[in-house]
Amino acid sequence: MVRRFLADASFEALLRLADTYSVEVPEDITRDELEELVQEAADEWREEHAESTGATGDVEESKYDVQAAVSGSPAEDEVELPESYNETRIVLMLRDPSWAFAYWDIRENDQIAFQKSDKFEGLTIRVFLLPEPDSGSEDARGTFDIPVSLIDNRWYINLPEQEIFYRLALYAVEEGAERELALSNVIAVPRGALADFQNGHSSADEILAQSGIQDLDVPASGRRIPQRILDLIDEDLVDG
Amino acid sequence: MSHGHLILGLHAHLPYIRHPEDGDFLEENWLYEAMAETYLPLLRVLNRLETDGVPFRIALSLSPTLVAMLQDELLQERFVGYTERMLELGEREVDRTSGQGSMQTMARSYRDLHETNLREFLDDYERDITRGFDFHYKRGRLEIMATAATHAYLPLYVQHPAALRAQIRVGIEEHTRVFGKAPAGFWLPECGYSPGMEEVLSDHGIRYTIVATHGLIFADNTPESGVYKPTLCKNGLAVFGRDHASSNAVWSEDEGYPSDPAYRDFYRDIGHDLPLDYLGPYLPSGSLRMNTGFKYYRVTGKTNQKLPYDPALAAQRVQEHADNFLYLLSKRIKRLSSLMETPPTLTAPFDAELFGHWWYEGPKWLEAVVRGIAQNDSVSLVSPSEYLKAYPTHQTATPSFSSWGTKGYSEVWLDGSNDWVYRHVHKAAERMYELVERYPDESGLRQRALAQAAREALLSQASDWPFIMRAGTAVPYAVRRVKDHVANVAHVYDALSRGNIGTEWLTRVERQHKLFPNLDYRIFGWNGDKDPFSARLPQVKGPKTDS
């Protein structure tokens, strides 16, 4: 997560983020200490995501059970796809409630011009946190920047908040001034957790407790399971 | 007496792999192995249940790419050749293992498997085993669901509603063409759901689908019956939620039934153990070691010192595990019945290839479960359509974005190993939109080229390619397939711009990727007046029953 976003975040927003990352927060923590704590947790989570290439399931893999060494090295006639489609665009894709993926492209002439220009300082992706899908940039609830280089063309973005919308803008920075190159599509980022509710139906709570909600292996899903449901989870029944 | 229902779901899928240019193509074996070890044995289970008058209901999805391969004459002929080779190897194995007790028993069972497969394939199904599934579909025992055309993981195409719509529509049209009736249900590949898909599914007459557990319980309107009753989207599409516990009893890598030490070990195979001069005639190119399906050891434990397989012990364990599954099922139904006004329904979908190919004893376990349920007063098998007919009113809720992949969302199909794919497959889809706009009503050679481009665009979107790249099993092949399909779309795009379509090139590609015979390239057209995937968030509400 980029520090600029954390630096602008309120103490309450940092507390929510700490909750997201399951960070234990001491009662007497200062704002700066909390910011540091959240930054470390976010970095760790990011590394964990990046390294997580574990198999989805042996069953599905076993369908494609060919030894990598014998499955045919790239043939001489293998086609090569273009690195760029000579257009300027940025596309945003939701991976999970905490991470999005962006890929972008810049027209070849512009790339060359940036490379030759003394004024060109770099590229920036600005992440807009929007209250509505059609909100303008000026209405963003927050923004943070990700500096990228001309050789980058994709990036994973840690999403600090859920239940809002995100849009990206790709900027060229020239002599300190920003020039917008492309705007992305908008994505809706879901809660990724049980909806908040209080209905007083103990049977509904107990049924949810039986749904295996605590064993789903879904990141951060447990952070918002109401305690009253956790109390009802019957290990004997769920696990048999 | 408390009572509940079980919806057993099987999803059969393989990517489209057909290489007429190569008589000994390694990856085509994925189909032959699945036919030999899963699809034909599963049909035998269904046939035995039918013959014995055991009532059963199973929801099955057969992907359009799998169906296309099962009905392809070239691949059917090659399956005969594969089976004859395996049969010959089986005979040699029976001789080689002479005097080795359970080893020879296993060798005989493999030989018998291939012998039975060959006879049934040629005589009973006349080379087309979809007839076997269709028989039970028409009898009402199987409910065959449609699924996406090439098994695209759909949440990664919400930015491309026309492409996503094409995947769903072609999948439904292929189902209707092959089985002669429109499907009631649609299997979302990898249980991948994003809000908005319900509108596309309903637009095409689909009445229900299945999502991952958290897809339902994280819905906008928390379902007060959890995953034990379907919910209805606002447009009326019913959504069943996968039951975590019953799925996990089988799926769990460490605790699931297939990991029992008595069961046959998948990895230890004579293809890696015996000398090449013996195995040569049965291996690709005579020297490439790979699995043959002849396996003689049991799981034993987390050790390389595997014990010989004991068929009697495994058979005993199959019955114990079926009994255990039913015991747990009945226990949970009893508990849930006390909390619900209508009988609880547990939905347990599995990859079909789990049964037989991966879990050798799986078909027998499935048969034992079905027979056990037939004798059980507290639970009955039901198809989703039957259930919805009996219980038409349900809570309204829109499920949450979700999948059954690792960590519950899209990470399996979108990570550092495979994310490069989307730039190109999205571009291929965009080129199709443009082509449809430029050539809205073509015939002759142009129509052929456009239809092939549409096939190639759909094939590029298969979830299998990014999955394989992440799993690391046959990465060069998956990479090549993505590149080939995207390049073929580009070839048509450029050729039409130049006004110069090469008949020879087109004929070659048509012969290679020969599926979806009635495909209309305008499937990629979209008038833009209704985008169900425009970014939106649900309004969160507390549980509330509409009915």
## Note on the structure
Scanning region A:125-134 residue by residue, the ones that are under 19 Å from A:Arg89 (Cα atoms), surrounded by fewer than 17 Cβ atoms within 10 Å (Cβ to Cβ) and either among the aromatic types (Phe, Trp, Tyr) or at pLDDT 95 or above (or both) total 0
### Task
Considering only residues that are modelled with pLDDT of 75 or more, in a helix (DSSP H, G or I) and more than 7 Å from chain B (Cβ to nearest Cβ), look in region A:185-213 and name the one that is farthest from B:Leu346 (Cα to Cα).
A:Asp205
### Task
Output yes when any residue across region B:168-188 is assigned by TED's automatic domain parsing to the domain that holds B:Gln316, more than 30 Å from B:Gln71 (Cβ to Cβ) and surrounded by fewer than 23 Cβ atoms within 10 Å (Cβ to Cβ), and no when none is.
no
#### Entry: region B:15-32, residues that are within 11 Å of chain A (Cβ to nearest Cβ) and surrounded by fewer than 24 Cβ atoms within 10 Å (Cβ to Cβ)
B:Ile17, B:His19, B:Asp22, B:Phe25, B:Leu26, B:Glu27, B:Glu28, B:Asn29, B:Trp30
### Query
Within region B:340-368, which residues are out of contact with any Leu (no Cβ under 8 Å at 6 or more places or on another chain) and over 22 Å from B:Ala212 (Cβ atoms)?
B:Glu341, B:Thr342, B:Pro343, B:His357, B:Tyr360, B:Glu361, B:Lys364, B:Trp365, B:Ala368
### Query
Tell me, which residue of region A:124-147 that is in a strand (DSSP E or B) and polar (S, T, N, Q) is nearest to A:Ile106 (Cα to Cα)?
A:Thr124
### Query
Does A:Ser137 satisfy the criteria of being under 20 Å from the mean Cα position of the chain (by Cα), among the small types (Gly, Ala, Ser), surrounded by fewer than 17 Cβ atoms within 10 Å (Cβ to Cβ) and more than 9 Å from chain B (Cβ to nearest Cβ)?
yes
### Members of region B:387-415 found to be more than 25 Å from the chain's Cα centre (by Cα) and assigned to a loop (DSSP other than H, G, I, E, B), listed by number
B:Tyr391, B:Pro392, B:Thr393, B:His394, B:Gln395, B:Ala397
### Query
If we scan region B:313-322, do we find a residue that is out of contact with any Phe, Trp or Tyr (no Cβ under 7 Å at 6 or more places or on another chain) and under 22 Å from B:Ala390 (Cβ atoms)?
no
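Output the residues belonging to region B:434-474 that are of a type in the set (A, V, I, L, M), in a helix (DSSP H, G or I) and either away from every other protein chain (no Cβ under 14 Å) or touching a residue at least 40 places away in the same chain (Cβ under 8 Å) (or both).
Within region B:434-474, B:Leu435, B:Val436, B:Leu445, B:Ala449, B:Leu450, B:Ala451, B:Ala453, B:Ala454, B:Ala457, B:Leu458, B:Leu459, B:Met469 qualify.
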### helices (runs of 4 or more DSSP H) contained in region B:1-72 and holding at least 3 residues within 25 Å of B:Gln167 (Cβ to Cβ)
B:29-34, B:64-70
## Note on the structure
Counted residues in region B:253-298 being modelled with pLDDT of 90 or more, within 11 Å of chain A (Cβ to nearest Cβ), assigned to a loop (DSSP other than H, G, I, E, B) and over 24 Å from B:Glu84 (Cα atoms) come to 0
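Can you tell me which residues in region B:388-401 are touching a residue at least 24 places away in the same chain (Cβ under 8 Å) and surrounded by fewer than 23 Cβ atoms within 10 Å (Cβ to Cβ)?
Scanning region B:388-401 gives B:Leu388, B:Tyr391, B:Thr393, B:His394, B:Gln395, B:Thr396, B:Thr398.
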### Query
So which residues in region B:475-488 are touching a residue at least 60 places away in the same chain (Cβ under 8 Å) and among the hydrophobic types (A, V, I, L, M, F, W, C), if there are any at all?
B:Val482, B:Val486
#### Entry: 3 or more residues more than 30 Å from B:Gln76 (Cβ to Cβ): qualifying helices (runs of 4 or more DSSP H) within region B:127-234
B:161-179, B:197-203, B:213-217
### Task
With the checklist (1) at the interface with chain B (Cβ under 7 Å from one of its Cβ atoms); (2) out of contact with any Leu (no Cβ under 7 Å at 6 or more places or on another chain); (3) at pLDDT below 95 in hand, flag the one item A:Val59 doesn't pass.
(2)
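Quick one: how many residues across region A:108-134 are within 22 Å of A:Val173 (Cα to Cα) and within 14 Å of another protein chain (Cβ to nearest Cβ)?
2
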#### Entry: Contacts under 8 angstrom Cβ, first residue in region A:94-107 being more than 9 Å from chain B (Cβ to nearest Cβ), partner of a type in the set (Phe, Trp, Tyr) and crowded, with 23+ Cβ neighbours inside 10 Å, 6 or more apart
A:Ala100/A:Tyr166
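The values are calculated or read from the model by the stated rules, or taken from the named source; none is laboratory data. Here the structure is a predicted model, which means the values were calculated and not measured. For neighbour counting, all protein chains shown are included, and Cβ atoms are generated from backbone atoms with ideal geometry for every residue, glycine included.
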